[in-house]
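Only one structure is covered here, and it is reproduced in the block below.
No lab work stands behind these numbers, since they all come straight from the coordinates. Since we're looking at a predicted model, the values are computed, not measured. A quick note on method: Cβ atoms are made from the backbone with ideal geometry, for glycine too, and the neighbour counts reach across all protein chains shown.
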Amino acid sequence: MDKYDKVTVTVRTQSGRCFPNHNREIIVIFFAVSDRSTEKKWEEQRMRNLKKALCGIMTGMMIITAAPAAIPGTGFVTEVQAATIGTPKMVSVKAVGKSTVAVKWSAVKGAAGYRVMRKTNSGRWVNLKDIAGASKVSYSDTKVSVGNKYTYTVRAYTKNKKTMSSYNKTGLSAVAGISTLKLSKSTLSVFAGSSYTLKVTGAKISPKWSSSNTKVATVSSTGKVSGKKVGTAKITAKLGGRTFTCTVKVKEKPVYEASATVKNNYAKLINAVKSNGGKLTYVSGTSSSKFTTTITYSSSDSKLHISHINNIAKVNIYITGTKIDQIKVYCEEFNNKYVSTLDATTWNGSNLKFYNTRTNKPGSDDRQSMANTFTSITFDAVNKILQSNVNLTLKSLGFTRYNG
């Protein structure tokens, strides 16, 4: 070895890059001396220097691993982790008059401003307004429509909006112009078995409905009140922090009393049935698709029986005497049987509600449509039988609103 030689050591990280630059070197110098004791001293000094160098290398690697963004020029981090900022706490959201909603939240330390976000009814969050200033913690939203539900939340941001806070994903809500909304009725009388639909006038969303006594009257999610039995119940609608109430009185449905003219017309029809072999018949359609409608009469229970048969369904209608407000209509399709109660004094020829006779549940939309269609066809045929055999019409028998 000459007077001195040098050894170059290149240190790389686990990623394969040089530390701290791509080509940084550590120089270890070795001296050649003749004196043995001096050579020993130099050897000891050289080892001490090497240990120091290695300690420095390990320290640098620890810094890189713990906080890479703190060391510029390493190439390890492409994005600096932004500082966090607290989430504003929602304080209140209140409707003011018809066209304003007032929003308040708590201040956040370190905030340079706030971003107000809003969603309408069941919609999505949208950015509404950015408000500069850490101490500005309220906003009046005037771009609202009466009856809509508006939900608000707020995010804080730092200077130049470099950092945005998280936000309350539930938010607080208010219905615009809630103080101006009213229930369509505050008192209501219905007959047992009848119904009436209440509404919160001006509301664009449905309130939450409830009844104080479901044995007397029930209410659906759309506000349809149905009388069950004689008594009084309070129907409540809750919306936007307000409670609307309607007192419902359910009365017994009066027994229909046919006029003398209607009674005489029924007697005329019954006599015609008896004198024609016990039935009056009307046939329509083709041989492959025949529609047969028949009217018969049972003396044992004083019932008129209207029967309609086609290649798809059967319709059976029973009229007891002149109680035309309690007419039972049955419609059968294959193994399914549905029933509805018809009031001839109010029925216009459509929109009967049919229930499955086995489950007592309403039929599907398709079944409702099918049953109503064949009921209408049946009554059209009955009208033709009346006209051709007894010179009467359905209106002569009390179907005052029938439009067939």
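General remarks:
- In this simple spin-label model, placing a label point 7 Å from the Cα along the Cα-to-Cβ direction at both Ser350 and Thr187 gives a separation of 3.7 nm.
- FRET efficiency for Ser135 and Lys98, using Cβ-Cβ distance with R0 set to 35 Å, rounded to 0.05: 0.75
- Applying both filters, DSSP loop and at most 14 other Cβ atoms within 10 Å, to the trypsin sites (Lys or Arg not before Pro) of segment 224-261 gives Lys229.
- For peptides 330-342, 271-283, sequence by mean Cβ density within 10 Å, most packed first: 330-342, 271-283
- As a rough footprinting exposure proxy, the listed residues Ser165, Ser106 were ranked by other beta carbons within 10 Å of their own, and the order from fewest upward is Ser106, Ser165.
- Cα-projected label distance for Lys162 with Thr400, points at 7 Å along beta-carbon direction, nm: 8.2
- Cβ-derived FRET efficiency at R0 22 Å, Trp125 paired with Lys208, nearest 0.05: 0.40
- Highest average packing first - 168-175, 374-381, Cβ atoms within 10 Å: 374-381, 168-175
- In this simple spin-label approximation, Ser221 and Ser106 carry label points 7 Å from Cα along the Cα→Cβ vector, and these lie 3.6 nm apart.
- Loop-located trypsin sites (Lys or Arg not before Pro) across segment 339-404 with a Cβ neighbour count of 10 or fewer within 10 Å are Arg358, with loop assigned by DSSP.
- Under-5 Å amide H pairs with Ser194, H placed in peptide plane, nonlocal only: Gly227
- Unit Cα scatterers, Debye sum, segment 359-404: log10 I(q)/I(0) for q = 0.27 Å⁻¹: -0.93
- Relative contact order (percent, whole number), segment 104-206, Cα cutoff 8 Å, 6+ residue spacing: 26
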